[in-house]
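Colleague: Okay, handing you the structure first.
The values are calculated or read from the model by the stated rules, or taken from the named source; none is laboratory data. In this text, all values refer to a predicted model and were calculated from it rather than measured experimentally. All Cβ positions, glycine included, derive from the backbone under ideal geometry; neighbour counts span all protein chains shown.
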Amino acid sequence: MSKLIITPLGTISPYTKGNMNCPGFLVEYNNKKILLDCGNGITRLLNFPEDLKNLSVVITHYHKDHFGDLGALQYASYVYHNLGLLDKKIKIYLPRNDIAFNKAAITSNNESYSDYYDISDSYSLFIDDLNITFGDNNSHTIQSYMVKFQNKDFKMIYTSDIGTTNLSKLVDFCKDADLIICESSFLKKHNANSKAHMTAYDASILASKSNAQELLLTHFWPEEDKRLYLEEAKQNFQNVKIAEEGKKLVLRRIC
Ligand SMILES: [Zn+2]
Ligand SMILES: [Zn+2]
């Protein structure tokens, strides 16, 4: 029976605080690893050099809080390769369209042991039988990609930064998911604009409309009590948790 192990490494934005980091989730499947975003501070929770082996890194969009530690990861890959402890390049997946020369800066880094791949809408790849598909969410301040993991046993979505602008497209992408890891930057009381970032309540709407089994909230404001996000989402969707650094989730289908 296949399983997906998900470790939150960073759950807040736009800055680190205490033991909390900017966005990052480590997904493990058959001893292969996929790092979803590489926000500031997340490298302190990685296990070096082990986590560099069979590693794919996905940067969902070019906001700095989502790739603040990528330079550190790249340099670590370079040093460990030179020490003879890393024999396979890390794979880094980046949105095809550059913004403010961020992509150019990442891919021109000579002190990195890595290969680069472009993400575009509907781009898809396989890790063993696990299909990973990307969807341009068309509802953030810059182009940002949702990521879907699917095999015969389960379906998991990482929304990254997302608003409610194209809710029906988001619902289609997330349909019948076993787990949605959804951003909830705001609470209703902030009176923020949901078009580019969701509230915890918006995330609960996405989960219920998608017929999802479980919702994991992330991307919190550093100064806010996380329990408030949980309470707000529970007004509409019961099976919800808040992401916490280092607290693993395991997804498996028990037939
Ligand atoms: Zn963000
Ligand atoms: Zn963003």
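Colleague: Which residues, counting only those in the range 23-53, are within 16 Å of ligand 1 (Cβ to nearest atom), in a loop (DSSP other than H, G, I, E, B) and farther than 20 Å from I180 by Cβ?
Modeller: Hits for the range 23-53 are C38, N40, G41.
Colleague: Take the range 156-184 and flag every residue that is among the polar types (S, T, N, Q) and touching a Ser or Thr at 6+ places or on another chain (Cβ under 7 Å).
Modeller: S160, T164, T165, N166, S184
Colleague: With respect to I157, is the statement that it is touching a residue at least 24 places away in the same chain (Cβ under 8 Å), closer than 21 Å to P95 by Cβ, of a type in the set (V, I, T) and within 15 Å of ligand 2 (Cβ to nearest atom) true?
Modeller: In short, no.
Colleague: Within the range 54-80, count every residue that is farther than 19 Å from S2 by Cβ, of a type in the set (S, T, Y) and either assigned to a helix (DSSP H, G or I) or more than 16 Å from ligand 1 (Cβ to nearest atom) (or both).
Modeller: Qualifying residue count for the region: 4.
Colleague: Next question. Mind telling me which of the residues L45, L125 ends up being surrounded by fewer than 19 Cβ atoms within 10 Å (Cβ to Cβ), in contact with a Leu (Cβ under 8 Å, 6 or more places away or on another chain), at pLDDT 95 or above and within 25 Å of L249 (Cβ to Cβ)?
Modeller: Answer to the check: L45.
Colleague: Let me ask another. Just wondering, is there one or more residues in the range 165-181 that are among the acidic types (D, E), within 19 Å of H66 (Cβ to Cβ) and either more than 14 Å from ligand 2 (Cβ to nearest atom) or buried (at least 23 other Cβ atoms within 10 Å of the Cβ) (or both)?
Modeller: Scanning the range 165-181, I find no residue that is among the acidic types (D, E), within 19 Å of H66 (Cβ to Cβ) and either more than 14 Å from ligand 2 (Cβ to nearest atom) or buried (at least 23 other Cβ atoms within 10 Å of the Cβ) (or both), so the answer is no.
Colleague: Taking S139, is it at negative phi and more than 16 Å from ligand 1 (Cβ to nearest atom)?
Modeller: Against the criterion (at negative phi and more than 16 Å from ligand 1 (Cβ to nearest atom)), S139 does not qualify.
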